[in-house]
Amino acid sequence: MPNSPPQQHLLPSLLSLILLLLLLLGQCLFIKTNATTTAQKFREAPKFYNSPSCPSIPISSSTMDLCSDQAVHVAMTLDAIYLRGSMAAILSVLQHSSCPENVFFHFVTSSSNSISNPNNLTHIISNSFPYLKFRVYPFDDSAVLGLISTSIRAALDCALNYARNYLADLIPPCVSRIVYLDSDLVLVDDIAKLAATPLGDQAVLAAPEYCNANFTSYFTPTFWSNPTLSLTFAGRSACYFNTGVMVIDLERWRSGDYTTKIVEWMELQKRMRIYELGSLPPFLLVFAGNIAPVDHRWNQHGLGGDNFRGLCRDLHPGPASLLHWSGKGKPWARLDGNRPCPLDALWAPYDLLQTQFALES
């Protein structure tokens, strides 16, 4: 028999890719749709004012606020499922800041999801925080959808989880340093302290490191058994760090083209499975062992339990400046389900959601 045309060999792989993309989109949309079955309405937050010692930032134009070196720049993603968490995180940042009027937020949201429409989210943020300085950046999901590999939890596979890889491209070049925060956390300390973390002469980012964690477990046996890949961390004191709280030098990121470095690892993951846990491992592959340290008080993480059951957990020993409900269990979901963990009571005071009783009144 004659050889089959090349197109016939390509057809199964092409169909597989299309099915994978539809699966990823379906998982994200299913989660978001269930999260927004009932429209969420939020209260207006109080206005917070600078202390007398705060540096003055010109307010004649939004561009001057945006590009000011005196401002603390904060980046977060916004979507329907975590919007309630985002609102609480914003409130906590402002409430505990000594210079809340000098905080500028950069929100990244999906450009292709009607539920998380940038205009709708902008309206919601403006209603609850009329005085907030912020800008919304639409993120093109197609830039990353073809690179996502399914992980251990569907929520980790949404394209917006990978938007942090592209912050240096999305945020204007005049912004040189940014604090990236996940949406499932609250601060109980002044974010200016975190933003001022020294990065030294070479570090691109800073984050709390956890060197007692089993670092090898973040990668598959395929990775460690490969003679070339297993040398990735040679000469580096690589430790686990959580990407939900990071201080990033955007100038160094851009000059080192670190987005491309992360994408290259994601492309390899599509060819041979070298990790299991979503968007975290590519960051570890590029940065672990080469980051500036941050005190553990700035990421009391894991309060959402593990990625499977989301069981209650206690705080780590020591002081806390930031409480992070990473893991499956989110405080708003557990509170709504009348099954809260003890530490969820620390999140509740920042919840701006209007209850049904308040709406009816």
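The values are calculated or read from the model by the stated rules, or taken from the named source; none is laboratory data. This one's a predicted model, so the numbers in the text were calculated from it and none came from an experiment. All Cβ positions, even for glycine, are placed from backbone atoms using ideal geometry, and neighbour counts span all protein chains on display. Just the protein is used for accessible areas: all its heavy atoms, side chains included, with ligands, DNA and RNA removed. Shrake-Rupley method; radii C 1.70, N 1.55, O 1.52, S 1.80 Å.
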Point to revise | Search result, residues across the range 123-157 that are of a type outside the set (A, V, I, L, M), modelled with pLDDT under 80 and either assigned to a loop (DSSP other than H, G, I, E, B) or over 16 Å from ILE81 (Cβ atoms) (or both) | key: SER149, THR150, SER151, ARG153
Check your understanding: Between a first residue in the range 296-308 that is among the aliphatic types (A, V, I, L, M) and a second residue that is open to solvent by 20 Å² or more (accessible area, probe 1.4 Å), which pairs have beta carbons less than 7 Å apart while being 6 or more apart in sequence or on different chains?
Key -> LEU303/ARG313; LEU303/LEU343
Exercise for review: Find the residue count for the range 313-350, including only residues that are farther than 27 Å from VAL294 by Cα, in a loop (DSSP other than H, G, I, E, B) and touching a residue at least 60 places away in the same chain (Cβ under 8 Å).
Suggested key: 0
Practice item. Mind listing whichever residues of the range 176-208 are touching an Asp or Glu at 6+ places or on another chain (Cβ under 8 Å) and of a type in the set (D, E, K, R)? Key: ARG177
Exercise for review: Just name the residue that is surrounded by the most Cβ atoms within 10 Å (Cβ to Cβ) out of those in the range 225-266 that are among the polar types (S, T, N, Q) and either touching a His at 6+ places or on another chain (Cβ under 6 Å) or under 27 Å from ARG297 (Cβ atoms) (or both).
Suggested key: THR243
Point to revise | Lone unmet requirement of (1) open to solvent by 40 Å² or more (accessible area, probe 1.4 Å); (2) β-branched (Val, Ile, Thr); (3) within 28 Å of LYS193 (Cβ to Cβ) for ILE90 | key: (1)
Revision key, fill the gap. Selection from the range 56-68 of residues at pLDDT 85 or above and open to solvent by 50 Å² or more (accessible area, probe 1.4 Å) yields SER56
Practice item. From PRO100, PRO138, PRO118, grab the single residue that is of a type outside the set (A, V, I, L, M), touching a Pro at 6+ places or on another chain (Cβ under 9 Å) and open to solvent by less than 40 Å² (accessible area, probe 1.4 Å). Key: PRO118
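Against the definition (within 21 Å of ASN226 (Cβ to Cβ) and acidic (Asp, Glu)), how does GLU251 come out, yes or no?
So GLU251 fails the test.
Here is a yes/no grid of residues against (1) within 30 Å of LYS330 (Cα to Cα); (2) outside any loop (DSSP other than H, G, I, E, B):
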site: LEU160; (1), (2): yes, yes
site: LEU167; (1), (2): yes, yes
site: PRO173; (1), (2): no, no
site: ALA206; (1), (2): yes, yes
site: THR222; (1), (2): no, yes
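Of all residues in the range 211-224, which are touching a residue at least 40 places away in the same chain (Cβ under 8 Å) and open to solvent by 30 Å² or more (accessible area, probe 1.4 Å)?
Within the range 211-224, TYR218, THR222 qualify.
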**Study point:** Matching residues, the range 185-198, being under 21 Å from the mean Cα position of the chain (by Cα) and either among the basic types (Lys, Arg) or open to solvent by 10 Å² or more (accessible area, probe 1.4 Å) (or both)
**Key:** VAL188, ASP189, ASP190, ALA192, LYS193, ALA195, ALA196, THR197
Exercise for review: Say whether the condition of being open to solvent by 60 Å² or more (accessible area, probe 1.4 Å), polar (S, T, N, Q) and over 21 Å from PHE215 (Cα atoms) is met by at least one residue in the range 282-292.
Suggested key: no
Review point. Give me the pairs: first residue in the range 51-80 and closer than 22 Å to PRO138 by Cα, second residue modelled with pLDDT under 85 and loosely packed, with under 12 Cβ neighbours inside 10 Å, beta-carbon distance under 6 Å, and six or more apart or on different chains, which are they?
Key: MET64/PRO58
